[in-house]
């Protein structure tokens, strides 16, 4: 993994593990872990703090935090 490639923390509370994987490998790493350790159940996940931060950045980018957004029926 190059130092320029972003890595994402994955946590599994059931296994009590945390690891970082390259962003490009994220989906596969989650799928493999959950398939091998949890019969395919989505137990391991991206660190919740990262998910929350990404959600905030996306919402900000989409203008969802703008005060002048009007509700449409």
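Since every read-out is calculated from the coordinates, none of them should be taken as a lab result. The model shown is predicted, which means the values in this text are computed figures rather than measured ones. Cβ coordinates were reconstructed from backbone atoms using ideal geometry, including for glycine residues, and neighbour counts include every protein chain displayed.
What the table shows:
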read-out	value
222 nm mean residue ellipticity, helices alone, for the chain (DSSP H n ≥ 4; -39,500 (n - 2.57); rounded to 500)	-12000 deg cm²/dmol
Cβ-derived FRET efficiency at R0 35 Å, residue 37 paired with residue 57, nearest 0.05	0.70
Mean separation of Cα contacts under 8 Å (6+ apart) over length of the range 1-66, as relative contact order %	29 percent
0 to 90° range, to nearest 10: angle between helix 26-38 axis and the chain longest Cα axis	50 degrees
